[in-house]
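First the structure, in the form of structure tokens, and then the observations on it.
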Amino acid sequence: MNVIHVVRIGGPEVLQPARIERPVAQQGEALVRITYAGVIFNDIMTRTAFWRHADDPEPSTPFILGTEAVGRIEAVGPGVTGLKTGQRVGVVMHNAKTYAEFAVLPVDRLIPLPDDIKDQDIAATLVAGIMAEMLLTEFRPVGKGTRVLVTGSTGGSGSILTQWAAARGAHVIATVSSAAKAEIARRHGAADVIDLSSHDLLTGVRRLTAGQGIEVAYDAVGGEVFTQAFEALGRRGVIIPYGIAGGKQPPVNPLSLVDRSRTVAGLMFFDFVASRAELLRRANAAFDALRRGWIRPDIAEIFPLAEASKAHARFEDPARTGKVLLAATA
């Protein structure tokens with residue numbers, strides 16, 4: 001079968017097409033024919049060994065990337081019940097190895113897909129939709145009039161989060177990195193947009209909220225943007241950093257939390273889908289949001305599997321908006 005190998009740690013060019021034997025499903029597993037694999041930030045971090053410490057050995061290569069995908073069950077292993085050959089499923093898990101035509105996956109991490117939503121639409125919103133559901137429900141209930149800040153608002157996750165928060169009635173202030181992206185953020189439902197290439201985030205928030213500040217901030221950017229978003233919080237405001245597209249967040253002095261009784265909340269995606277019941281509940285909420293039109297797929301580009309290196313280069317392009325997908329099955 002066709003796969004994409006990471007042949008060494010490095011840039012997009014290290015993603016190389018290869019052929020290997022098709023794997024066989026064992027006890028508790030299913031062989032899934034992948035239709036679309038999503039490119040997500042975690043894939044970039046793995047390809048570059050971003051989290052590797054100085055004294056850690058370099059990861060052994062080659063290996064296959066992939067965290068998010070949709071497809072159809074080709075075969076099931078011994079003892080598998082509840083899922084059947086031909087059924088459409090999605091997956092979100094570490095080391096899913098979905099940059100491939102086929103992947104063997106544990107059945108307890110497979111998400112049955114609804115018949116009324118296309119593979120492409122689910123592939124473009126699976127991780128982002130589940131993430132948005134977590135962010136909007138776990139840390140501060142978001143509803144009519146809630147003052148929300150979304151940084152990185154036109155990326156794959158930020159666009160879905162902006163749409164869903166707006167659909168819940170929140171007053172969304174979105175940040176963008178260029179004037180060209182501002183109109184996209186408004187189309188997604190942002191009430192106000194701050195272009196960080198020409199305006200200061202903190203000054204903008206204070207002006208737009210008449211000095212009250214933000215109730216809840218979702219930061220996908222990190223770095224200095226996190227610092228400003230934290231300072232933009234109002235009384236009892238909460239910030240949830242969930243990405244580091246612009247660099248790691250600086251340390252926070254616990255004493256600074258006392259000022260305005262602010263909170264910095266941590267989110268590790270897989271901690272919130274640890275059980276199968278929780279995974280399915282959150283995925284079904286995202287499917288319902290798609291069905292109701294609260295969120296809409298925003299696809300930047302779809303690449304053939306063999307062009308994974310181009311897909312990663314597109315993902316890392318600062319001008320990109322929306323989701324990048326790999327079409328794994330011709």
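Read the figures in this text as sums done on the coordinates, not as results from a lab. Remember, predicted model here, so these are calculated numbers, not experimental data. Here Cβ is always computed from backbone atoms with ideal geometry, including for glycine, and neighbour counts include all displayed protein chains.
Between Thr203 and Met268, with labels modelled 7 Å along Cα→Cβ, what's the label distance in nm to one decimal, could you check?
With each label point 7 Å from Cα toward Cβ, the separation is 4.0 nm.
I'd like the distance between the alpha-carbon centres of region 28-73 and region 155-214, rounded to an integer number of Å.
Here the two parts' Cα centres lie 31 Å apart.
What's the angle, to the nearest 10 degrees (0 to 90), between helix 156-167's Cα axis and the longest principal axis of the chain?
That works out to roughly 60 degrees.
Report the antiparallel proportion of the DSSP beta bridges in the chain as a percent, rounded to a multiple of 5.
Just about 60 percent of them are antiparallel.
Mind listing the long-range amide H neighbours of Ala217? Cut-off is under 5 Å, sequence gap 5 or more, other chains count too, H placed in the peptide plane at 1.01 Å from N.
Here the answer is Leu149, Val238, Ile239, Ile240, since their amide H atoms fall under 5 Å of that of Ala217.
What is the set of long-range amide H partners of Val76 at a cut-off below 5 Å, with H atoms built 1.01 Å from backbone N?
Leu31
Arrange the peptides 252-265, 203-216, 13-26 so that the one whose residues have, on average, the most other Cβ atoms within 10 Å appears first.
203-216, 13-26, 252-265
Would you please put 284-290, 196-202 in order of how densely packed they are, using the mean number of other Cβ atoms within 10 angstrom per residue and starting with the highest?
The most tightly packed comes first, giving 284-290, 196-202.
Could you work out the relative contact order of region 128-270? I mean the mean sequence separation of Cα pairs under 8 Å and 6+ apart, divided by the number of residues, in percent.
Reported relative contact order: 20 percent.
Residue by residue through region 55-71, what is 3J(HN,Hα) from phi via Karplus (6.51 cos²θ - 1.76 cosθ + 1.60, θ = phi - 60°)? Round to whole Hz and write x for glycine and proline.
9, 7, x, 5, x, 6, 10, x, 9, 10, 7, x, 10, 9, 6, 10, x
In deg cm²/dmol and to the nearest 500, what is the mean residue ellipticity at 222 nm of the chain if only DSSP H runs of at least 4 residues count, each as -39500 (n - 2.57), divided by the residue total?
After summing the helix terms and dividing by residue count, I get -8000 deg cm²/dmol.
Does anyone have the angle between helix 126-138 and the longest principal axis of the chain? Alpha-carbon axes, 0 to 90°, nearest 10?
The answer is roughly 40 degrees.
What does the C-alpha gyration tensor say about the overall shape of region 128-270? Classify as rounded when a/c is under 1.5, otherwise prolate if a/b is larger than b/c, or oblate.
rounded
Quick one, which of (1) 32, 56, 12, 0; (2) 32, 61, 8; (3) 28, 58, 14, 0 is the actual P(r) over Cα pairs in 20 Å bins from 0, in percent calculated for this model?
Here P(r) over Cα pairs in 20 Å bins from 0, in percent agrees with entry (1).
If I take R0 = 30 Å and measure r between the Cβ atoms of Glu224 and Ile302 in this structure, what FRET efficiency does the formula 1/(1 + (r/R0)^6) give, to the nearest 0.05?
With a Förster radius of 30 Å, E is 0.35.
Using modelled backbone amide H atoms (1.01 Å from N, in-plane), which distant-in-sequence or interchain residues come within less than 5 Å of Leu233's amide H?
Placed amide hydrogens put Ile214 under 5 Å from Leu233.
So what are the ³J(HN,Hα) numbers for region 241-257, from phi and the Karplus equation (6.51, -1.76, 1.60; θ = phi - 60°), rounded to whole Hz, Gly and Pro as x?
x, 10, x, 9, 4, x, x, 5, 5, x, x, 10, 6, x, 5, 5, 5
Between Thr48 and Arg19, 0.36 nm times their residue separation minus their Cα-Cα distance comes to what?
Gain on extension, Thr48 to Arg19, equals 8.2 nm.
Hey, can you rank 148-157, 84-93 by average C-beta count inside 10 Å, highest first?
148-157, 84-93
Let me make sure I get this right: for region 1-160, a, b and c are the square roots of the gyration tensor eigenvalues over alpha carbons, sorted descending. Under 1.5 in a/c it's rounded, otherwise prolate if a/b > b/c, else oblate. Which is it?
Taking the square roots of the gyration eigenvalues as a ≥ b ≥ c, region 1-160 is oblate.
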